[in-house]
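To keep things clear, I will list the structure first and then write my remarks on it.
Where a number appears in this text, it was derived from the coordinates with a stated rule and is not lab data. Note that the structure is a prediction, hence the values are computed from the model and not measured. Cβ: placed from backbone, ideal geometry, glycine included. Neighbour counts: every protein chain shown.
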Amino acid sequence: GLEKRLRIILDDLMGPSHSGASKSTWDPMILGMRKHKLLGDALKVIGEHLRWQRLYLEYSEQLATLKHQNN
């Protein structure tokens, strides 16, 4: 359903640390924009909907961990 499709998109934006993509094939950019930035923007929209709170928490925590590891 819709959650599965959202997860596919969010996994792609998250990158190889989360999805099955290997680091050599994953591009951190799409159409000149950073995927992690797009992921953060998408999570802001998702987080506004009660139905998607679990999904929001799951991915926002992973994104925060990635940002912390990269700093």
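Each stretch of four or more DSSP H residues adds -39500 (n - 2.57); spread over every residue of the chain, this sum gives -20000 deg cm²/dmol at 222 nm. Under the simplified labelling scheme, the ALA64-THR25 pair shows an inter-label distance of 3.2 nm, with each label point 7 Å from Cα along Cα→Cβ. Run the reach check for LYS37 against aspartates and glutamates, Cα to Cα strictly under 18 Å, same-chain hits fewer than 8 apart removed. What comes back? Partners found: ASP11, ASP12, ASP27, GLU48, GLU58, GLU61. Out of [x] 4.7; [y] 5.9; [z] 5.1, which label holds the value of mean projected area of the Cα convex hull in nm² that was computed here? The value computed from this structure is option [z].
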